[in-house]
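Asker: Here you go, one structure.
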Amino acid sequence: MSEEREPKDERNEGGGRVVYSRLPSAEEAARAEEERPAAAAGTVSLPSFVREPLAPTLPTLVIAFVLLVLLVFGLGYLSVKEVESVSTEVQRLDHQSADRTEMLLDLRSALTQLDNEARERGTREAGGGIVNPFDLKLRRARGEVEKKLYLFDHLPVAQTPPGQAFRADVAKYIESTKDAEQYSLEGYKSFRPVEEGMRALLTQVNQQQGQLERERLSLAAQAARRISLLRWIAMLFGALIAAATIWEVQRRFRQMRRGLEESRRERLFSSQMLEGMVSAVAAIDGRGALRSANAAFFRLFPAASVGALVQDAAPAPDASKLFAAATGGGRVEHVTYHGRWTLKDADDEEGTFEVYSSPLEIDGGHGQIMSLVDVTKTVATETELRHKASLAAVGQAAAQVAHEIKNPLGSIRLGVAMLRDMTQPGEAHETIDLVERGIDHLNKLTVDVTNFSRGKELSLEQADLHELLDTSLELVAERIRAKHAPIERHYTSEPLAGHLDADQLRQVFVNLLANALDAGEENSPVSITTALVAHRPGGNGSGAHAPHARVTIADRGRGMDAKTRARIFEPFYTTKKRGTGLGLAIVKKIVEQHGGTIAVESTAGEGTRFHVELPLARK
């Protein structure tokens with residue numbers, strides 16, 4: 001796993017989290033330990049909720065909340081101020097109206113008191129009583145009226161025509177009260193306009209009181225309209241703030257959703273990548289418990305479970321040793337190779353794995369990532385390459401030996417022929433026959449070794465496999481007649497023609513037919529089956545994706561055991577008394593040169609089947 005990869009956070013039933021991250025190096029860890037005390041000395045530990053980063057939408061919501069609170073506060077404040085203003089204005093108008101009314105009533109009372117005093121004086125004079133020239137009560141009443149008139153002059157009503165007429169009438173009446181004789185002549189007549197004027201002024205004040213009520217209602221209506229306007233403005237600002245908040249929250253939500261979607265795709269990609277790996281990967285904590293693993297690991301160790309010790313998942317001795325070697329070495333500081341191990345999976349199929357350990361941080365502790373890389377095919381390929389290299393070396397050596405034998409062998413054959421001519425038939429000729437059979441065997445051996453070691457190049461031309469099989473049967477016809485073996489042909493109706501080396505394939509089929517005839521008893525049938533295979537299951541060569549022809553040659557002979565099947569294509573390995581052990585090795589080499597495969601199925605006592613698959617690629 002690369003270091004740039006985001007951590008993978010998983011929960012498991014064992015508790016805790018599994019976090020894939022790069023462990024710090026020794027230098028980085030030492031530097032961090034040195035810096036931590038110095039940093040802690042100059043800082044104050046904060047609560048966890050303070051240290052935690054704020055949610056992306058929290059500042060927006062806080063700002064919107066503060067603005068709404070300020071808006072509500074401002075609306076309430078302005079509404080209260082508007083109500084207070086109306087109330088103050090109404091109180092002022094009420095006070096003015098009350099003052100005017102009170103002033104007029106006081107003036108009326110003073111005028112009435114003056115009139116009473118003036119009347120009383122007139123009554124005393126008419127009865128012949130003593131008249132006080134300094135009549136203090138009358139003077140006091142007249143002074144009170146003049147004082148009230150002074151206050152009346154400051155009223156707005158005094159500036160109106162009725163007010164001014166009333167003021168003149170009052171002044172005239174006051175003058176009439178100063179002289180008893182004049183009062184008796186004009187007093188009664190002058191007081192009547194005063195009373196009518198006062199009555200008119202009170203009526204006007206009452207009318208103004210009704211106007212004041214209408215003005216009060218008008219002020220209240222204006223205040224209500226202004227408060228309503230403020231409310232609508234507040235609602236508009238509130239809607240704008242809510243819309244801006246919703247837009248910002250939605251924008252942050254889209255960003256968060258995109259981030260979550262990207263994280264989900266990354267986790268899905270990481271999960272699919274881990275699950276799709278052929279290699280088994282597992283995260284193991286410091287105490288040896290399994291914290292996470294991919295499907296390949298559980299296929300290899302079906303008894304494993306997350307949270308349990310990995311040793312419990314390894315009933316086989318080899319697997320137990322593997323986990324002991326991987327987890328028993330203490331803390332993993334760097335990538336460690338634990339060698340190659342042979343294990344069996346849940347299907348009891350054996351495989352070879354290279355085991356590695358990498359450092360891993362888990363919950364603040366130290367663990368490891370254990371990787372079991374499947375190298376089964378690599379090992380098989382390496383074995384095949386070594387085998388081919390050894391065969392090539394053996395072939396070269398055998399070819400050199402065959403070359404050295406071939407020339408002396410010709411001289412020996414010539415000498416034996418001359419010796420036969422010089423002797424009489426009898427025991428000597430029997431001995432010479434024995435020597436000639438040995439010479440023939442050696443000659444066949446040298447020819448086979450030469451053919452195997454040279455690796456003759458293919459001479460490709462258009463050929464039909466059914467015709468090659470028929471001509472191959474003709475070449476072994478003598479053996480077929482000798483064994484009285486029936487030949488069973490099961491040819492497919494589809495044409496099996498391709499670009500092939502007819503001569504070398506004929507050699508392949510002759511060798512396989514001869515082996516089938518030799519393996520069976522007399523009258524034992526030999527079957528030949530052909531088929532067209534659309535997709536080749538395996539093999540090497542350039543024709544891997546072309547249609548393939550499958551040829552199966554089967555006998556009902558003695559069959560082979562597992563040991564013989566494993567070595568049947570090895571050079572110089574044979575179960576025949578007079579065999580060279582090179583026939584099937586040459587067959588395998590020719591088939592592989594064509595890009596095909598050859599396989600054997602055999603059961604002891606039930607016969608043997610050779611399957612040859614050849615690509616039918618066109619040139």
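Asker: Which of the residues that make up the range 372-397 are surrounded by 11 or more Cβ atoms within 10 Å (Cβ to Cβ), at pLDDT 70 or above and assigned to a helix (DSSP H, G or I)?
Answerer: Residues satisfying the conditions are 376, 377, 378, 379, 380, 381, 382, 384.
Asker: Oh, and also: Please identify the pairs in which a residue from the range 581-593 that is over 15 Å from residue 551 (Cα atoms) has its Cβ atom under 7 Å from the Cβ atom of a residue that is among the β-branched types (Val, Ile, Thr), counting only partners at least 6 apart or on another chain.
Answerer: Pairs found: 581/574; 582/449; 584/568.
Asker: Is there a residue being assigned to a helix (DSSP H, G or I), in the same structural domain as residue 611 (by TED's automatic domain parsing) and modelled with pLDDT of 70 or more anywhere in the range 540-561?
Answerer: no
Asker: Exactly one of (1) part of a helix (DSSP H, G or I); (2) over 60 Å from the mean Cα position of the chain (by Cα) is unmet by residue 235. Its number?
Answerer: All conditions pass for residue 235, except number (2).
Asker: Given (1) within 28 Å of residue 556 (Cα to Cα); (2) modelled with pLDDT under 90; (3) of a type in the set (Val, Ile, Thr), identify the lone condition not met by residue 510.
Answerer: (2)
Here is a yes/no grid of residues against (1) surrounded by 13 or more Cβ atoms within 10 Å (Cβ to Cβ); (2) charged (D, E, K, R):
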position: 223; (1), (2): yes, no
position: 229; (1), (2): no, no
position: 236; (1), (2): no, no
position: 239; (1), (2): no, no
position: 261; (1), (2): no, yes
position: 269; (1), (2): no, no
position: 283; (1), (2): yes, no
position: 286; (1), (2): yes, no
position: 289; (1), (2): yes, no
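Asker: Could you tell me how many of the residues in the range 566-576 are modelled with pLDDT under 80 and either touching a strand residue (DSSP E or B) at 6+ places or on another chain (Cβ under 8 Å) or under 22 Å from residue 526 (Cα atoms) (or both)?
Answerer: Result for the range 566-576: 3.
Asker: Kindly establish whether residue 324 is surrounded by 12 or more Cβ atoms within 10 Å (Cβ to Cβ), at pLDDT below 80, in the same structural domain as residue 370 (by TED's automatic domain parsing) and in contact with a Leu (Cβ under 9 Å, 6 or more places away or on another chain).
Answerer: The answer is no for residue 324.
Asker: Related question: Regarding the range 343-361, can at least one residue be identified that is at pLDDT 80 or above, closer than 23 Å to residue 276 by Cβ and outside any strand (DSSP E or B)?
Answerer: Checked the range 343-361: no residue is at pLDDT 80 or above, closer than 23 Å to residue 276 by Cβ and outside any strand (DSSP E or B).
Asker: Among the residues of the range 478-487, count how many are farther than 11 Å from residue 524 by Cα and either surrounded by 11 or more Cβ atoms within 10 Å (Cβ to Cβ) or of a type in the set (Gly, Ala, Ser) (or both).
Answerer: 2
Asker: A follow-up question, please. Limited to the range 260-315, what total is found for residues that are part of a helix (DSSP H, G or I) and aliphatic (A, V, I, L, M)?
Answerer: Qualifying residue count, the range 260-315: 9.
Asker: Name the single residue, out of those in the range 593-613 being among the hydroxyl-bearing types (Ser, Thr, Tyr) and surrounded by 15 or more Cβ atoms within 10 Å (Cβ to Cβ), that is farthest from the chain's Cα centre (by Cα).
Answerer: Restricting to residues being among the hydroxyl-bearing types (Ser, Thr, Tyr) and surrounded by 15 or more Cβ atoms within 10 Å (Cβ to Cβ), the top hit is 608.
Asker: Would you check if residue 122 is part of a loop (DSSP other than H, G, I, E, B), modelled with pLDDT under 80 and in the same structural domain as residue 202 (by TED's automatic domain parsing)?
Answerer: no
Asker: Still on this model: Filtering the range 138-191 down to residues that are hydroxyl-bearing (Ser, Thr, Tyr) and touching a residue at least 60 places away in the same chain (Cβ under 8 Å), which residue is nearest to residue 204 (Cα to Cα)?
Answerer: Taking the candidates together, the pick is 173.
Asker: Related question: Do you know which residues across the range 490-509 are part of a loop (DSSP other than H, G, I, E, B) and not charged (D, E, K, R)?
Answerer: Scanning the range 490-509 gives 491, 492, 493, 495, 496.
The values are calculated or read from the model by the stated rules, or taken from the named source; none is laboratory data. Just so it is clear, the structure is predicted and the values come from calculations on it, not from any experiment. In this analysis, Cβ positions are derived from the backbone assuming ideal geometry, glycine residues included, and neighbour counts consider all displayed protein chains.
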